[in-house]
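Participant: Sharing a structure below in structure tokens format, with a few things to ask.
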Amino acid sequence: MEREFLSKLADRIPAHPRAPLGVGDDAAIVTTPTGRCVVSTDMLSDEVDFLLTECLPTRIGRKALAVNLSDMAAMAAKPIAAFVSVLLPETGAADLADQLSEGILKLAKEFDVALPGGDTNVWPGKLAISVTILGDPTEHGVWQRDGAKSGDAILVTGKLGGSILGKHFDFEPRVREALLLNERYEINAALDISDGFAIDLDRLAVASGLGAQVDLNSLPISRAAEQLSQRTGKTPLAHALGDGEDFELLFTASSDVAKQLLADQPLDIEIRQVGEMIPTPGLWSSDRSVNDSSLKPLAVTGFEHGN
Ligand SMILES: [Mg+2]
């Protein structure tokens, strides 16, 4: 539903010189008389994104800010300030607000994000929390998802899959990692993996007018994906490909830059090359472990909003 609605809405929103990137990337870019600002907003609501009966409100507050920080990382923007709006259910509203803000304040401090405003309302419905974040594009420029070039290496930070076992709440937004990579290397396109590696890579490929070839054998599979696979009967690889909310960085760079980057390993977490951007549209897989370099269609698995 969300994608369809957004594409219709995008057609109706007139191009505006103060919002040159338009809609559809991880964040928007707004120009101001003195420069540019990167802006993103994300809303979490009870029974859609979490179950209030089953999780601590401090974790919900933290996550509401963390997903926005992750979108700043996806653009390589430095988070500056965030605004939080909350709809609180009538029962226990004050206590709930306290606990939500505890989670938000702690993470905001960690990432040096100002919290200059917001809004709190009590209503007869369920909890909803929306965060709008502003970021600075820095002197090194922003990353967009439409900048990949044919022949680019596809790179990913950290490990993938099984986030439902805990990482979907406790993930570290890759802000510091993105800023460091942007300072030292020429990255051509990027996004954060929020809905699943395969579906997000497909979005990057489509935005860049290309296809992507994934080497299944090189995908970094998390322990959580392995644990979860014992319960679900799906393979760990299927979890790494299709599970949402890993909030790792997925990005592309020329093969020369990638070679340097992989040799340097400049982050505390591992960066892996998992494939290559190709001219043929679509998502394709190869498996070098069985000496098979032929391309097979790869299912675009992941989370579709509003389904
Ligand atoms: Mg994103």
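Participant: For D215, only one of the following conditions fails: (1) of a type in the set (D, E, K, R); (2) surrounded by fewer than 21 Cβ atoms within 10 Å (Cβ to Cβ); (3) in contact with a Phe, Trp or Tyr (Cβ under 6 Å, 6 or more places away or on another chain). What is its number?
Facilitator: Against the list (1) of a type in the set (D, E, K, R); (2) surrounded by fewer than 21 Cβ atoms within 10 Å (Cβ to Cβ); (3) in contact with a Phe, Trp or Tyr (Cβ under 6 Å, 6 or more places away or on another chain), D215 comes up short only on (3).
Participant: Which residues, taken from the stretch 46-59, are over 21 Å from A108 (Cβ atoms) and either within 16 Å of the ligand (Cβ to nearest atom) or not in a loop (DSSP other than H, G, I, E, B) (or both)?
Facilitator: D46
Participant: Moving on to the next point. E186 is checked against (1) in contact with a helix residue (DSSP H, G or I) (Cβ under 8 Å, 6 or more places away or on another chain); (2) within 16 Å of the ligand (Cβ to nearest atom) and fails just one. What number does that condition carry?
Facilitator: (2) is the only condition that E186 fails.
Participant: Of a type in the set (A, V, I, L, M) and within 14 Å of A64 (Cα to Cα), is that true of L88?
Facilitator: no
Participant: Could I ask something else about it? Scan the stretch 11-42 for residues that are among the hydrophobic types (A, V, I, L, M, F, W, C), within 16 Å of the ligand (Cβ to nearest atom) and without any contact (Cβ under 8 Å) to a residue 40 or more places away in the chain and report the count.
Facilitator: Within the stretch 11-42, residues that are among the hydrophobic types (A, V, I, L, M, F, W, C), within 16 Å of the ligand (Cβ to nearest atom) and without any contact (Cβ under 8 Å) to a residue 40 or more places away in the chain number 2.
Participant: Search the stretch 72-95 for residues that are in contact (Cβ under 8 Å) with a residue 60 or more places away in the chain and more than 19 Å from D119 (Cα to Cα) and pair each with any residue that is among the basic types (K, R) and away from the ligand (no atom under 16 Å from the Cβ) when their beta-carbon atoms are under 8 Å apart and the residues are at least 6 apart or on different chains.
Facilitator: Final answer for the pair search is M72/K78.
Participant: Being closer than 19 Å to P79 by Cβ and assigned to a helix (DSSP H, G or I) is the filter here; which residues of the stretch 170-205 pass it?
Facilitator: Those that are closer than 19 Å to P79 by Cβ and assigned to a helix (DSSP H, G or I): D170, V175, R176, E177, A178, L179, L180, L181, N182, E183.
Participant: A further question follows. Out of the residues in the stretch 60-110 meeting the condition of being assigned to a strand (DSSP E or B) and touching an Asp or Glu at 6+ places or on another chain (Cβ under 7 Å), tell me which one is surrounded by the most Cβ atoms within 10 Å (Cβ to Cβ).
Facilitator: It comes out as K78.
Participant: Let me ask something additional. From the residues in the stretch 23-49 that are in contact with a helix residue (DSSP H, G or I) (Cβ under 7 Å, 6 or more places away or on another chain) and at pLDDT below 85, which one is surrounded by the fewest Cβ atoms within 10 Å (Cβ to Cβ)?
Facilitator: Per the criteria, the residue is V23.
Participant: Which one of these is over 18 Å from D42 (Cβ atoms) and under 15 Å from the mean Cα position of the chain (by Cα): L210, L160, L180?
Facilitator: None of the other options fit; the residue is L160.
Participant: Report, by residue number, each residue of the stretch 261-275 that is over 20 Å from R176 (Cβ atoms) and touching a residue at least 24 places away in the same chain (Cβ under 8 Å).
Facilitator: Q273, V274, G275, listed by residue number.
Participant: While we're looking at this one, here's another question. Answer yes or no: is there a residue in the stretch 211-222 that is within 16 Å of the ligand (Cβ to nearest atom) and closer than 18 Å to I278 by Cβ.
Facilitator: No; the residues of the stretch 211-222 include none that is within 16 Å of the ligand (Cβ to nearest atom) and closer than 18 Å to I278 by Cβ.
Participant: Given the options D11, D26, D42, name the one that is under 24 Å from L204 (Cα atoms), in a loop (DSSP other than H, G, I, E, B) and out of contact with any Gly (no Cβ under 7 Å at 6 or more places or on another chain).
Facilitator: The match here is D26.
The values are calculated or read from the model by the stated rules, or taken from the named source; none is laboratory data. The structure presented is a predicted model; accordingly, all values stated were derived computationally and were not measured. Virtual Cβ from ideal backbone geometry, glycine too; neighbours counted across all protein chains shown.
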